[in-house]
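What follows is a set of notes on a single structure, which appears directly below.
The values are calculated or read from the model by the stated rules, or taken from the named source; none is laboratory data. Everything quoted here is computed from the prediction, not taken from an experiment. Heads up: the accessible areas ignore ligands, DNA and RNA and are worked out on the full protein's heavy atoms, side chains in. Shrake-Rupley method; radii C 1.70, N 1.55, O 1.52, S 1.80 Å.
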Amino acid sequence: MEKNAARSGGFGRTLVTLAVPIVIQNFIVSSLNMADTLMLGSLADPVMAESAVAAAGVANQYFFLFNLVANGAAAGASVFISQYWGCGDRQSIRRTTGLGLVTNLLIGLLFTLPALLFSGGIIRLFSPSHVIVGLGASYLRLVCLSYVFTGVSFLLSNALRSIGRTALPMAVSIMAVGTNIILNWVLIFGKLGAPAMGIRGAALATLLARILECGLLLLLSFRKGCPLRGPWKELMGFDSAFVLKTVRQTVPIVLNEGCWALGAILYVAAYGHISDQAIAAFQICSTIQNLFMVVCFGLASAALVMTGNEMGAGRRERAL
């Protein structure tokens, strides 16, 4: 019988085995935001550099809201996947994965369409500056095309973690971040013969890196021998009762994450209406602050997997 991470070894060893790759992955993703900020802040024109940093930071508040909603839906799915992994129910693992993919695809589309149609209005909620609105809208219209791919990546990363394969999402994140940084250098500053696109170059680099990340996770998740892989009818074999049971557990998580995101976004809107300098400074500080949160998020994700595994295996007292 195949062992999972929560069954093998002691509590501390299992926690470290699961948490360390998640912490590293979260740290890498947070470092990517810092790299984007530093690169845009290195533009030759100091005024344009400051405006670009502020505009990208404002536009990414919309992504922050999407990020927490989509991650909340993925976390809800992972609660069930980790339990099904604990009791060895692979069919339900695949049905939950399929339902999660459909859900996050829809969430990605729901956030993409308003960003395409009302990008200027969204940025204007955070800053009245015409310069920030113009730059931020051009960035948002391009980067929002990555949301569908990002939603799929969130779901697959959480699903792989729930079956104890935390190193795979970490490795993919390293490749995606490396690609993003290189493409930032090429597209923002016009290196290797490419045009200097400034803030739009940062958006295009993010889009291409997200597509790469999604493609790699799809290949790894549905390769031969992976528990997530199954026939199409099995992945899409969820009925109304299965959907309802999953939604009841997932909606509170999504609402919790969404409310927290809205609260954080209000701070950005307040700084944005003070001055362009204030929002640029806040963006830099918040990027650094996020680096200190990755350990907490990594431990929480590992605890979720371990608790779900134990609950699925029927060891309720051990899980609690």
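For this structure, a couple of remarks:
- Solvent-accessible area of Cys296, all protein chains in place: 90 Å² (probe radius 1.4 Å, heavy atoms, ligands and nucleic acids excluded).
- Segment 50-152: C-alpha gyration tensor shape, a/c 1.5 cut-off, then a/b vs b/c: prolate
- Gyration tensor verdict on segment 180-266 (Cα atoms; rounded if a/c is under 1.5, prolate if a/b is larger than b/c, oblate otherwise): oblate
- Taken per residue, the accessible surface of segment 129-222 reaches 35 Å², heavy atoms only and a 1.4 Å probe.
- Residues Asp45, Asp89, ordered by accessible area of protein heavy atoms at a 1.4 angstrom probe radius and largest first, appear as Asp45, Asp89.
- Tensor-based shape of segment 173-231 (alpha-carbon gyration tensor, a/c under 1.5 rounded, otherwise prolate or oblate): prolate
- Share of carbon and sulfur in the accessible heavy-atom surface of segment 185-271 [1.4 Å probe, %]: 68 percent
- Ligands, DNA and RNA excluded, the heavy atoms of Ile265 present near 20 Å² of accessible surface to a 1.4 Å solvent probe.
- Using heavy atoms of the protein chains and a probe of 1.4 Å, the accessible area assigned to Lys191 is about 80 Å².
- Cα centroid separation, segment 146-197 to segment 47-65 (Å): 19 Å
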